[in-house]
Amino acid sequence: MATVSRPARAHATALPLRHARRARGVVLANALPSGRALLLGFALIAAGAVAYVGARESSLFALRSIEISGAPPRVGAHVRTALKSLEGQSLLALNKRQFERRLAGLSDVAAVSFDRDFPHTLRVIVTPAHSIAVLRRGASAWIVSSDGRVVRSAGLSAARKLPRIWIPRIVAVDVGATVADADAARAIRALAIARGAGFGARIAAVRSSDRELTFVLAGGPELRFGDPTALPLKLAVARRLVPLAASTSGYVDVTVPARPVAGLKP
C-alpha cells in the first residue's frame, strides 16, 4: 500500500504545478503587445523624430526677436550685440553652450538665462555685474565688478562714489579678465562682503595685503581690520564706532573685535 500511495500523491501535486505554469504563460502572452501594435508604436516614434529634426532645420521656429530683461540699457545692448549672430537659427537648436560662448567676454554680465517663446522669440534674463570699485594704476583707471572682473576702462574722475584700489604699475589689466593682482582681489572681496553686510559708510579707498586691510572713509577715519579673517564681525563692530569718530581724521582699529582701539593719526 505504501508503494501505491506515494506515486499517487506525487502525481496529484505535479498536475496543478504544470497547469499553473501554463496559465501564467497564457497571461504573459496576452499582456505583451502584438506585432502590429509594436510596429505602430515604432512608426509614431520615428515620425516624431523626423518632425523634430525637420523643425530644427527649417524656418518654422526661426529666431526673429530677442527680448532682454533684468539689465540696464547699456548692458542689454551688449547682450543683444553678442547674441545677434543667433538670429535666423531655429529656437529648437539653441542650447546653453552657445549662449555661454557668446557672452563669456561680457564683463558687465554676471549671469544669464533664457526661455524660448515659440514661434520666433527668445527671452533673455540678465543678471548684471555690479560695479564695486575703480582700479587705479598710475594715470589709468578701470571699473571693476563685485566678482573681480574688469568691466571697462574709465577716466580718473569717473564713478566718484566708488572706492579706489591702487595697484603696482607692473600689473597687467585686461578688460573682461579677472583682476590679476592678489592684494587688489582681496580688496574687492572685502568690499563685496561690506556691501552684503549693509555697511553704509562711504569708502573712498581700500588698502589690502595678506596682513592688512584698511578702509579709508570719505571725510572720516580709517578703519583698520588687520587681516581679512572674521571680516563680518569686524565690520559690525566698526559700524558702531564710525559715528563716534566720523568727523575725525584718525583711525578705528578692530583687528581684535573684542578690544577695538580708536586714535588720531600722527
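Since every read-out is calculated from the coordinates, none of them should be taken as a lab result. If you're wondering where the values come from, they're calculated on a predicted model, not measured in any experiment. Every residue, glycine as well, gets a Cβ built from its backbone with ideal geometry; the counts of neighbours run over all protein chains shown.
Worth pointing out:
- For A133, distant residues with modelled amide H under 5 Å away: V144
- Charge tally for A71 (other residues, Cβ to Cβ under 14 Å; Lys, Arg +1; Asp, Glu -1): +1.
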